[in-house]
Structure formats: structure tokens, C-alpha cells
Amino acid sequence: MISINDLVHAGPRPEFLSSVEVDPLREADALQEAQLLDSQVYHLTSTAALLFELRTSLQFEEGNSALLVVRGLRSFDWKLPTKQASLAALTVVSSAADRLGDSHTASFGFFPEAHLAVAGDLMEFYVLEADGIGDVPPDYSSGDLNRVQASLPSWSSACSLLQASISR
């Protein structure tokens, strides 16, 4: 077992390069209906990490969470044009990845309305099975932050690495 945060800092895991069911680094809208749970930018290492909930995803049958790591981060552009409800999932309605010269880009559209675009030298995508979060996503309408967080993967969650893709 490894924590999700350890995967971010460990660097690419080539020994786990089993193919992903649907590859969001190569296929548009592969993350449709997944939910963005959190993002982190590590300025010292020029790394960004995006943590996703997969139990709501249309494409993935294995895994309950996913991690997208961007190394050699060149840009991180977050736009939230409207005020977001205090406790709500950001559901992916569109996703796309591309390569522009020596840079890799990924962009995401969300509901409620939000947009994220990242670019870097290398992108890694991991399908994970986070321990202890159950089979069903939480009910955000309860308004109980502690209950919701207990039912979601977090950076400290222990996980099993199921599938991976690396875009160089």
C-alpha cells in the first residue's frame, strides 16, 4: 500500500504501466462524470496533482479514485466564474489532453460551472482503489463536511495502484 500523496512525490511508476481502461491522456471526455475532489500545486518541485472521485464516472469500472500528476508544471489555470455552493462536487462534463511541442496540456470543464487547464513536461494518470471509503459516493446535500470527507479519498488515503498511463 502507498498513500495517494506518496504517489505524487514518488515520480513516475513505470513498473505499474498496465494499460488504463480509458486513457484521459489520449482520449477526449474519458473522465466524464468523474468528480474533481482536490488539487495541489507544489511550487518547489513544479508539480501539480488532481485527485478525482471515480465512483461516479461513466467510463471506469475499476477503481474508486484517480490521480493526475503534472510534472515540470508550466501553467495551472483555474476559473470559477460564479460563486460555488459551500459543499458540492465538481463533476467533469468535458476533458481533453493534448501535446503542443514539448508540452502536455489537459483541460477540464465542470458542473457547476468551472474550468481548469494545466500544462507541463510530463503527465501521469493513475487509477486507484482507496481504502476505507465505501462503495457509494457521499450525499453532499447533507451539509455534513466531516461525513462527506470520510466517504472520499484524500491525499493521505492508503491505496492500491490498479492502472497507469504516462504521457511523455
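Miscellaneous remarks
- Within region 90-103, considering residues that are under 20 Å from Ala48 (Cα atoms) and touching a residue at least 60 places away in the same chain (Cβ under 8 Å), the one surrounded by the most Cβ atoms within 10 Å (Cβ to Cβ): Val92
Results for (1) of a type in the set (A, V, I, L, M); (2) more than 13 Å from Ala28 (Cα to Cα), shown as yes or no for each residue.
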residue: Gln84; (1), (2): no, yes
residue: Leu90; (1), (2): yes, yes
residue: Ser94; (1), (2): no, no
residue: His104; (1), (2): no, yes
residue: Glu113; (1), (2): no, yes
residue: Leu116; (1), (2): yes, yes
residue: Gly120; (1), (2): no, yes
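- Inside region 104-118, residues that are buried (at least 21 other Cβ atoms within 10 Å of the Cβ) and of a type in the set (A, V, I, L, M) make up a count of 3.
- Single unsatisfied condition, Ser75 versus (1) of a type in the set (Gly, Ala, Ser); (2) touching an Asp or Glu at 6+ places or on another chain (Cβ under 7 Å); (3) surrounded by fewer than 20 Cβ atoms within 10 Å (Cβ to Cβ): (2)
- Index of the failed condition, Leu87 passing every other in (1) buried (at least 20 other Cβ atoms within 10 Å of the Cβ); (2) of a type outside the set (Val, Ile, Thr); (3) on the phi < 0 side of the Ramachandran plot: (1)
- Strands (runs of 3 or more DSSP E) contained in region 109-168 and holding at least 2 residues within 26 Å of Ser94 (Cα to Cα) and without any contact (Cβ under 8 Å) to a residue 60 or more places away in the chain: 114-120
- Qualifying strands (runs of 3 or more DSSP E) (wholly inside region 1-85; at least 3 residues being in contact (Cβ under 8 Å) with a residue 24 or more places away in the chain, closer than 14 Å to Ser165 by Cα and not aliphatic (A, V, I, L, M)): none
We did not get these values from a lab; they are worked out from the coordinates using the rules stated. Since we're looking at a predicted model, the values are computed, not measured. With ideal geometry, Cβ positions are generated from the backbone for all residues, glycine too; neighbour counts draw on all protein chains shown.
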